[in-house]
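Before any comments, here is the structure.
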Amino acid sequence: MSASQVIVDYICPAVGSVLSTIMAGSPLIAVREMQRTNQVGEINPFPFCALYNMTLAFTLYGFLIDNIFISVANFLGMAFSLYFIGHTIVVTSSNLTVARLNAEQPALGLIDVPKDGDKIPNDEAKLERQLEMLVNTLWVVTLFWGTVGIICFNGLGPTLNPGNQEAVGPFANAETLIFGVLTIISTIIFFASPLSTIKKVVETKDSSSIDPPLVICALVNCTLWTIYGIAGPSDPVVYGPNATGMFLQSINLLVMFIYPKKTAMAEREDSVEVTNSGSKAGQSP
């Protein structure tokens, strides 16, 4: 076995597995800060849901094509995603309880309540949507991939043989084609998930809702897996979505440079400026 083959077949996917785990765990700092303050804040929980969907898909796909590197890396990533989802559910539920309490008793003054009193406050509605998304992800994604996995694995039969060094190969039959295409879609959804807040970032000129460690780790990770997918097993399920991820993460990185994250001091200054402007507008000439 040549040195280049060793690099492509073993070193590249091994390093890629480590980077995949780092990428999956990169939101840990933000989640720990959320736990410390007990405030969801600007955290966008959709990437956590997309991460769980993608890692579960790739874990099963790795078993399907007998590729331990893909399975192990994504299994660890799935553990991270469940941790993020679980703790975000706890904090979101706590914040939602406070929001509802203050909606019923506006005298507490912790949130702004609409003047008509009949509408749900924006913060409460947002928290309800986030909580519903997080909870539904846990059972919908698990049920979906469990069903797809049962169908595909039963269709393939006992193809996994630890003693067989030859890879099953991409799209060896209809089952791997179906599973592969669904995995590609899931991966693209994950890498596109930070884009869900792009509109808000542009409007507020603040990229606080985009997690920089996740974007940077994802960009490096996608680059390495794209190289491995092309030069190694030549698997479109590996290099296809990762190449797309490189492009999408580049967009996120560009947006972060154009609209840097505002500091707490800058946010306070903006708030004071808006308040002063409102006061001056209310004064009679």
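Legend: calculated FRET efficiency, ILE216 to LEU101, from the Cβ-Cβ distance at R0 = 45 Å, rounded to 0.05, equals 0.70. If R0 is 51 Å, the Cβ-Cβ spacing of ARG129 and ALA174 corresponds to a FRET efficiency of close to 0.85.
Between SER93 and ALA3, the FRET efficiency from the beta-carbon distance, with R0 = 51 Å, is close to 0.40. Here's how it looks for LYS261: its modeled amide H is under 5 Å from those of SER207, which are all 5 or more places away or on a different chain. The label point for ILE29 and the one for LYS200, both projected 7 Å from the Cα toward the Cβ, are 2.0 nm apart. Were the residues from TYR83 through LEU254 laid out at 0.36 nm apart, the gain over their Cα-Cα distance would be 58.7 nm.
For TYR259, the accessible area of its heavy atoms, probed at 1.4 Å with every protein chain present, is near 50 square angstrom.
The values are calculated or read from the model by the stated rules, or taken from the named source; none is laboratory data. Since the model is a prediction, treat every value here as computed from it, not as a measurement. A quick note on method: Cβ atoms are made from the backbone with ideal geometry, for glycine too, and the neighbour counts reach across all protein chains shown. The protein model used for the area step is the full one, side chains on, heavy atoms only, and it has no ligands, DNA or RNA in it. Shrake-Rupley method; radii C 1.70, N 1.55, O 1.52, S 1.80 Å.
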